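Asker: Take this structure first; my questions come after.
Readers should treat all values here as calculations from the given coordinates under stated rules, not as data from a laboratory. Treat the numbers as computed from the prediction; the structure is a model and nothing was measured. In this analysis, Cβ positions are derived from the backbone assuming ideal geometry, glycine residues included, and neighbour counts consider all displayed protein chains.
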Amino acid sequence: MKKIILILLFVMLPVAALAEDTAPDQPHWSFEVKGGNFTPTLSNWREFYGKRSMPEYGATLAYKLVRQVEIGVGAGAMSATGTAFAPLHQIAAGKVTYSLYPISLSLVLRGIVNENQWIVPYVGGSFTRMYYEEKIEGQGTAHGKADGYGYRGGLQFLLDGLDPDAANSMYLEYGVFHTYFFVEAEKTTAKVTSASADLGGTAYLFGLLFEF
């Protein structure tokens with residue numbers, strides 16, 4: 001995945017470098033909502049939680065420096081319930097709920113060359129702070145945070161042409177220039193130094209992007 005993102009990055013950088021100042025009839029902001037599955041890097045995850053991944057939901061608000069380049073702030077949430085384990089007795093030690101709440105500051109490059117482009121590739125990187133919480137039934141709650149980084153890449157598909165009347169109404173009533181459906185893959189690393197554990201993982205997500 002890293003090689004694909006690097007190739008897209010080199011293709012898109014000249015577009016961003018040649019971009020003109022944002023025109024009044026172009027969007028200045030974007031807002032996205034997304035969901036999907038997050039697969040933790042933590043070892044023995046399936047042994048305690050019964051499956052390899054957990055659901056993830058998130059949202060990001062971003063400002064466009066130019067049409068192809070934006071910086072944004074995002075937040076997410078993911079949670080799974082499983083069984084705590086007492087290794088000395090080899091028995092279950094109660095129900096455990098594990099939750100992650102990432103907050104990120106990101107830079108995204110979008111390969112858009114005209115406003116009617118149906119498919120737009122994009123890549124991005126982020127600084128991420130991962131807050132974690134682990135509740136073990138009858139034993140209290142452990143929580144903390146870890147700093148790390150992430151990178152992502154994906155494709156966004158323009159939806160305006162599916163219903164031009166609805167797209168025009170969105171612009172007139174809410175100032176939404178474009179609506180996209182997108183799919184992406186994201187890799188995150190966030191290590192807890194004291195525990196030598198990486199709270200990151202790999203996510204496969206889809207969602208809606210609104211430009212206004």
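Asker: If amide hydrogens are placed 1.01 Å from N in the peptide plane, which non-local residues have theirs closer than 5 Å to the one on residue 197?
Answerer: Under 5 Å from the amide H of residue 197: 192.
Asker: Assuming R0 = 22 Å, what is the FRET efficiency of residue 29 and residue 117, from their Cβ-Cβ distance, to the nearest 0.05? Show your work: numbers first, answer last.
Answerer: Numbers: r = 19 Å, r/R0 = 0.84.
With R0 = 22 Å, the Cβ-Cβ based efficiency is 0.75.
Asker: For the residues 155, 205, what sequence is obtained by ranking on other C-beta atoms within 10 Å, fewest first?
Answerer: Details: 155 15, 205 21.
The most exposed by this proxy come first: 155, 205.
Asker: Quick check on my link table: of 34/187; 135/191; 51/145; 135/187; 34/135, which ones sit more than 22 Å apart, alpha carbon to alpha carbon?
Answerer: On the way: 34/187 15 Å; 135/191 20 Å; 51/145 24 Å; 135/187 25 Å; 34/135 26 Å.
Over 22 Å Cα-Cα: 51/145; 135/187; 34/135.
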